[in-house]
Amino acid sequence: MAEWNDPRTTGVSTAATVGVPRAARDVGLRSYMLSVYNYMASGVLLTGIVALGFANSSLINLIVNPATGQATPLFWIALFAPLAIVFALSFGINRISAGTAQALFWAYAALVGVQFSSLFLVYTGTSIAQAFFATAAAFLGLSLYGYTTKRDLSAMGTFFLMGVVGLFIAILINLFLRSPGLDLAISAIGVLLFAGLTAYDTQKIKSIYFAVAGNGEAMAKTAVMGALNLYLDFINMFLFLLRFMGNRR
């Protein structure tokens, strides 16, 4: 959730919308948001396809050693390479083309799918399906709220982002404490934080449209970045919900 898309820092004037009829702006906004949602949904679909493909074939042995049950080097590559992609997109979006940004987004979604294939070794298929559909339903409702609400959610953004930092610090601490109670609390708080970020990010993406409207390249890039933000909200909410309600094998 980097500040790449803050209207105050994009350097694109909102003058592009001056004199444009409201109906035309509304049509443009709907088209822009549909593009964002299409990217995001396609990324989730790609992640799911890759995860299922690895989990239901011998490819799973490429990331988990069948003899020892330990993660292979490919797993660690799939774990850390997406972080590099996020940083490349967040800090280099102004220097790359829209096509490159799209390619990096698809690469990110595919690598996350490689990671997620290991979930099928830990949780039952039913639990994963339940968590996914619960996340999808929550995401739709929260994103719709963020899109339609008249309330300014920007003040909540800082709170949510600070909460996410605190959450991951708690996760690191619990790696040593191994407290079941703290793990349960982390999972519940994680679901709530990323639920809030879904609404916040949706409203922010909507506001970005009015900052980049009329600039085709900027619109294409911010659509990809907006999709990445919503994708991150979705998969994190899914993971924490799975930790909270999932049945282990």
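With 0.36 nm allotted per residue and the present C-alpha distance subtracted, the T100-A67 stretch has 8.0 nm of extension available.
Compute the length gained on full extension between L34 and A84: take 0.36 nm times their separation in residues and subtract their Cα-Cα distance, giving the result in nm to one decimal.
15.3 nm
Does anyone have the angle between helix 154-177 and the longest principal axis of the chain? Alpha-carbon axes, 0 to 90°, nearest 10? Computed tilt is about 10 degrees.
The simple spin-label model puts a point 7 Å past each Cα toward its Cβ; for A155 and S42 those points are separated by 3.9 nm. Label separation (M162 vs S179): 2.2 nm, computed from points 7 Å beyond Cα along the C-beta direction. Taking a point 7 Å out from the Cα of A107 in the direction of its Cβ, the residues of the stretch 54-83 whose backbone N falls within less than 13 Å of it are 78, 81-83.
Taken as Cα centroids, the stretch 216-246 and the stretch 58-72 sit 28 Å apart, rounded to the nearest whole angstrom.
Over the residues of the chain, the helix contribution to mean residue ellipticity at 222 nm works out to -26500 deg cm²/dmol, using -39500 (n - 2.57) for each DSSP H run of at least 4. Normalise the Cα radius of gyration of the stretch 3-245 by 2.2 N^0.38 Å (N = residues in it) and let me know the number. Its radius of gyration relative to the 2.2 N^0.38 Å reference: 1.07. Across all Cα atoms of the stretch 61-112, the radius of gyration (one decimal) and Dmax (whole number) stand at 14.0, 46 Å.
To the nearest ten degrees, helix 73-92 and the longest principal axis of the Cα atoms of the chain are 10 degrees apart.
In whole Å, what is the distance between the alpha-carbon centres of the stretch 189-211 and the stretch 114-154? Taking the Cα centre of each part, the stretch 189-211 and the stretch 114-154 sit 14 Å apart.
Annotation for Y147 and D26: the two label points, set 7 Å from Cα along the Cα-Cβ direction, are 1.4 nm apart. Bridging of K221 to lysines at a Cα separation below 21 Å is possible for K204, K206, once same-chain residues fewer than 8 apart are set aside.
All of the numbers you see were taken from the coordinates with simple rules; none came from a lab. A quick note: this is a predicted structure, and the numbers were derived from the prediction, not measured. Quick reminder, even Gly has a Cβ in these numbers, built from the backbone with ideal geometry, and neighbours come from all protein chains shown.
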